[in-house]
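The values are calculated or read from the model by the stated rules, or taken from the named source; none is laboratory data. Note that this is a predicted model, so its numbers are computed, not measured. Counting neighbours? That spans all protein chains shown, and the Cβs are built from the backbone with ideal geometry, glycine included.
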Amino acid sequence: MLTQVAWRNVWRSKVRSLVVITAISLGLIAGIFLMSFSWGMNTQRTRDIIETRTSHIQIHQKHYKDDRKMSLFIPQGMKLLDEVKTEPEVKAATARILANGMISNARGGFGVQINGIIPEEEAKVTKLDTRVVAGEYFEGLKTNPILIGDKLAEKMGWKEIPEPGVKNEDGSPAQPTYQIRKKVVLAFQAPGGKTKYGSFKVVGVYKSINSKFDESNVFVQFEDLNRLTGTENQAHEIAIMLNDQNMAEDSTFLASLAAGNPQLLVENWKDISPDLKLIDETFAITVYIFMGIILLALLFGIVNTMLMAVMERTKELGMLMAIGMNKDKIFSMIMLETIFLSTIGGPIGLLLGYGLVRLFGNIGIDLSSMAEAGAQMGIGTMVYTDLETHYYFQIALMVVVTALIAAIYPAYKALQLKPVEAIRSI
Amino acid sequence: MSVIITKNIYKTYPGVVPVHAVNGVSIDITEGEFTAIVGPSGSGKTTLLNIIGGLDKPTSGEVIVNNQDISQLSNNELIDFRLHNIGFVFQAYNLIPVLTAKENVEFVMLLQKRAKEERDNRVAELLDAVGLGDRMNNRPSQMSGGQQQRVAVARALAPKPKFVLADEPTANLDSTSTSNLLDIMAELNRKENITFVFSTHDQRVIDRARRVITLEDGKIVSDVTRE
């Protein structure tokens, strides 16, 4: 009966209750959407960094990352690569030889990291081949081809950006054009301190979602950079993609990759990119802060509505106490009313929020108007909303907790009523 | 047998000039009485009724209801005492607006955890008795003032209380409704031997009462029992 009375009381003032329920639903929808937008953006950014930069796991010579000396190769790197590839958890792996140097053309010189890669294996690990926007992915040139980034091509004067509004014959917006097959000179310090120079020809231009990366990374063939360095089959880095990202956090698995070699440093993507780790870990907190702020605002709305309901019914509550309804039941009734009011909006908000997340998870949100700023931050032009299922359950729990907290004060105020005074009130 | 005994009770509201709402009242109401406490506004009749009903506590004096001194009970004990001993009828009907007539009458019995069959039988019996057997499923907003007050009487009687306290029960009713209501209450008083105590200044009620206690300035100025 108490439940029935409480439920009916919620609908005594339909408009007021509907306003609160709508506010709760909209608050949740907005919160869930914001969370999923951030989550989607973060997931995409993380995925992109893993795919383009860090991979799931990297192996280096133990001291390589301290000063990035070219002489610090992975001992028997190619043998290790072959061993790593046999691990069932490993989806793809590749080796790289790295050098910090300069790339020059007639325009000038630009500081870059030169990545000597095995093109077909690199494609499996970083999907670099899919990011080529002009030219070819190491095809058509046998010796010293180089792949440069979109931003670097622009700085070197080999990218032409069409005037705004210019369209192709088919009416689509005109895309930038690039000059390829241009010669560049790479210079870097080889082991032993001698500066090495090499002439390369631009075979293609790639573009990732991170313009900073595109500006500062060039790719050449593994054997070309080894030859220029004066080495053979030497690698500084083994990059590994796993079938299951979570395995990257399995310390036993990581240790097994080093095969007991103390000269090796095996790191997962969180160790390699602490900023990613930080963002990933603080995201969970941010999500709860988002929701917390929204629910706090809703809490005051619910308390206000229920206080109004209690004050309006002073006489009735007094009567209930007079005829023998004890304080526990009065308290429970008001609590139930508040919980009903709060939790009706909860599932509606969660369902609509989920629907919205699914919708924009499929069609994406086009941020191309902010592409430049996004590229600086490593964010793509399309953001696909996404939110892990457990967040919905946690939000539902937060709504219930909010409802319980919101219920306490109005119920307490109802208990303060004295029947004789309440009945007398108008 | 006495069901209500007050011994020299006072109710004083403090202030710059303290107000003695009830000023040394001693009364003895026996089972089956149909009593009206009358007096002009401010004479203390509602305060006295509230004290008898355990809604208010006297500043001093004893209130013995069913051989129990209720002035010594805690607030929670008083609520429980009211639930099992007293039926209330209020001036402004005070039904639960979200419940139907049937549910309103049943409500107190539910609080008492009475069995469903007993509740159903009693509710049907009482709503028939007050002439609302056909309005069981109507909510208060769908009934007239007189009908609502009849539901309130049925509600007060549903748990078979020792006595019913009615505070100005006819104040908002027209003559016909008042007459009907008084007939119903007199009938139930006679049939079920339930004690009725009214506070009123409605002459129609006073005329039907078998005992009339008149208060002025919180004191009893007359106590007349009619045959």
Margin query: Yes or no: the stretch A:4-13 includes at least one residue that is in a helix (DSSP H, G or I), modelled with pLDDT of 85 or more and over 30 Å from residue A:320 (Cα atoms).
Written below: no
Notebook entry, point to check: Name the helices (runs of 4 or more DSSP H) wholly within the stretch B:1-114 that hold at least 1 residues that are farther than 30 Å from residue A:13 by Cα, among the polar types (S, T, N, Q) and in contact (Cβ under 8 Å) with a residue 60 or more places away in the chain?
Noted result: B:45-52, B:75-85
Check: If we keep just the residues of the stretch A:325-335 that are within 9 Å of residue A:411 (Cβ to Cβ) and not β-branched (Val, Ile, Thr), which is farthest from the other protein chains (Cβ to nearest Cβ)?
Finding: A:335
Note to self: Take residue A:207 and tell me if it is closer than 21 Å to residue A:72 by Cβ and in contact with a helix residue (DSSP H, G or I) (Cβ under 7 Å, 6 or more places away or on another chain).
What the structure shows: no
Next item on the list: Output the qualifying pairs, or none if there are none: Cβ atoms under 7 angstrom, residues six or more apart or on different chains, first residue in the stretch B:179-202 and closer than 19 Å to residue B:162 by Cα, second residue of a type in the set (D, E, K, R) and not in a helix (DSSP H, G or I).
Entry: B:193/B:31; B:195/B:31; B:195/B:33; B:195/B:162; B:199/B:167; B:199/B:168
Note to self: within 14 Å of another protein chain (Cβ to nearest Cβ) and of a type in the set (Ser, Thr, Tyr): which single residue out of B:179, B:175, B:141 fits that description?
What the structure shows: B:141
Next item on the list: Please state which one of B:68, B:72, B:91 is more than 8 Å from every other protein chain (Cβ to nearest Cβ) and within 14 Å of the chain's Cα centre (by Cα).
Entry: B:91
Next item on the list: Please find, among A:258, A:239, the residue that is in contact (Cβ under 8 Å) with a residue 60 or more places away in the chain and in contact with a Ser or Thr (Cβ under 7 Å, 6 or more places away or on another chain).
Entry: A:239
Notebook entry, point to check: Name the residues in the stretch B:66-92 that are buried (at least 24 other Cβ atoms within 10 Å of the Cβ) and within 22 Å of residue B:141 (Cα to Cα), would you?
Noted result: B:88, B:89
Next item on the list: Can you give me the ranges of the helices (runs of 4 or more DSSP H) entirely in the stretch A:276-390 with at least 1 residues that are more than 35 Å from the chain's Cα centre (by Cα) and exposed (fewer than 15 other Cβ atoms within 10 Å of the Cβ)?
Entry: A:327-363
Notebook entry, point to check: Among the residues of the stretch A:196-208, is any over 28 Å from residue A:80 (Cα atoms), modelled with pLDDT under 90 and surrounded by 18 or more Cβ atoms within 10 Å (Cβ to Cβ)?
Noted result: yes
Item checked: Selected residue [within 13 Å of chain B (Cβ to nearest Cβ) and either farther than 14 Å from residue A:403 by Cβ or hydrophobic (A, V, I, L, M, F, W, C) (or both)] from A:321, A:311 -> A:321
